Structure formats: structure tokens, C-alpha cells
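Asker: Structure in C-alpha cells, see below.
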Amino acid sequence: MTSLVRDWLRPERPEVPEPVTAELQRRRLKIELLIVFSVTLGMSGARSLVSLLDSLLRPEPLSRQHVALNVPQAASDLLDLLAQLLAAAQLFAWGALGAYLLVRGGTRLSAVGLDRLSPRRDALWGAGLAALIGIPGLALYFVGWKLGFNLAVQPSTLDDTWWRPVALTLSAAGNAVAEEILVVGYLLTRLRQLGLRENAGLLTAAVLRGSYHLYQGFGGFVGNLVMGLAFGRVWQRTNRLWPLIVAHTLLDVVSFVGYSLLRGHLSWLP
């Protein structure tokens, strides 16, 4: 087992890009980063900060306030399904944008671990990462909630329909694709090209990941910051992005679908 872990943590094909030195090209990369995150997760981070400030200004403590992640978006059952699918499609499109810009800039997707080289191993390590991150993360959330640092997060308030598990699974996969491609594969590659040190790039990406979870409270920020540090370091060591996508998808599927099934049956769930 030790040798298996060591082999997986050793990059098979390290393809660290050379730092960009031409000033015009560096400026274009910075503008590209600004535009990409202004329309995707960076804007989500700014909105989350506003949401947290609004929550802090309310008379109720954070632990008595609720925030729902997957909510009904239309009165009609069919239109609600369509709206949920469109929301998931947007997330997949964000991930596709990051992948496209990498390829357009001369970086092969295999260089960031988006290939079919070892799907079984990627899936197994993704499941392991999900367990490693998920259990402590859940404990951290509940401790933060009870201490008043978090809002009561409801992963889903969708009605009990036949398509709810499908919509929630697609939402989970969309979150994973968007976040891991943009915040890990795309952002860390671009920061390497701009000459940022590995640790500085890792911290930058982790802070970004935490920022768009601020709407959940301070615990949401800290928990996702830690997750970002762990996931980012795994990618820096392995150049494999699929395990992170698998792990993130599993975490969100368990959270979204599990909550929707257990809601109302466990008194301690928000």
C-alpha cells in the first residue's frame, strides 16, 4: 500500500510550463484570468462576500439563519427540471471554458491530468480523497454551525420528484467540473506561467475556493480553504485532475442526494 501511494504521488509526466517572460504575453494572461473569473467563480466569490455581510448585519446569529443550495426555480415541475438542467449545463460550460483556454494557449489536457490514461486508478483515488476530505469536512461544518460561525446549510430544498436525484447528481458533477478545472487545472497552470511560486499559487487558488463559499459563513470559507490546499497539492504532486473531479462529485452527491433523502427524518439536520 505504501508503494502504491508513493507511485501515485510521483508525477508520471510532469509538464510544468515555462514561465512567460514577454511582457505583452504576461499582460494578456492577466487579462484572461481577470475576464474568466469575473464571469465565473471570482464573481461568485464577490457575491458570497456580500451575502455573508448581509447575514452578519441581521439581528439573528448565523447559526439561526438558513441558506439553501439547490432550490426550486419554477412553479411548474417541468420548467423547474429544465431550469435545474440549465444551471448544471452552465457549470459544465465554465469547466469547458477553462479547458479550452488551456488548449488554445498550447497546454495539452493530458498535462493537467484530463486524459483517459488510468480511469480505474483515478476513480479509486477519487473515492479515497472523498472519504479523506468528506468526513473531517462534515465534522468541521457541524462544529462551526454549533459554535455560531456557520449558517444552517440546506444542500437541497427541491420537491420530492422523480427527477430530483438526477438533477442533484448533475449539479454535483457540474460543481466538480467547474471548480476543479478552473481553480486547479486552469488557474494553477496560469499562475505557473506567470512565475508564481508553487506555494503562493496553491494559497491563491485555495483562498479563491473558500471565497465563493463565504455565503455559508466563516466555517464554509475555512473548510473549503483547507480542501483547496489539499486538492491543489495533490494536483501539484500528481498532475492528475480526474481524481479531484471524482472526489468532488462524490462529496456533493452524498451531500445533495443524501440530505434530500434524510431531511425530515433526522432532527439534527438543518
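No value in this document is a laboratory result; all are computed from the given coordinates. Just so it is clear, the structure is predicted and the values come from calculations on it, not from any experiment. When we count neighbours, we look across all protein chains shown, and the Cβ atoms used for this are built from the backbone with ideal geometry, even at glycine.
Asker: Which one is nearest to Ala99 (Cα to Cα) among residues in segment 32-88 that are in contact (Cβ under 8 Å) with a residue 24 or more places away in the chain, among the hydroxyl-bearing types (Ser, Thr, Tyr) and part of a helix (DSSP H, G or I)?
Answerer: In this case the residue turns out to be Ser44.
Asker: Right, next: Report, ordered by the first and then the second residue, all pairs with beta carbons closer than 9 Å, sequence separation of six or more or different chains, a first member in segment 143-171 that is closer than 16 Å to Val67 by Cβ, and a second member that is surrounded by 16 or more Cβ atoms within 10 Å (Cβ to Cβ) and acidic (Asp, Glu).
Answerer: Pro155/Asp252; Leu158/Asp80; Ser171/Asp252
Asker: Still on this structure, I have one more. Only one of (1) within 23 Å of Met43 (Cα to Cα); (2) not in a helix (DSSP H, G or I) is not met by Asp160, so which one is it?
Answerer: (1)
Asker: Quick check on my filter: what residues within segment 166-197 are over 19 Å from the mean Cα position of the chain (by Cα), surrounded by 16 or more Cβ atoms within 10 Å (Cβ to Cβ) and either assigned to a helix (DSSP H, G or I) or of a type in the set (D, E, K, R) (or both)?
Answerer: Answer for segment 166-197, where residues must be over 19 Å from the mean Cα position of the chain (by Cα), surrounded by 16 or more Cβ atoms within 10 Å (Cβ to Cβ) and either assigned to a helix (DSSP H, G or I) or of a type in the set (D, E, K, R) (or both): Arg192, Gln193.
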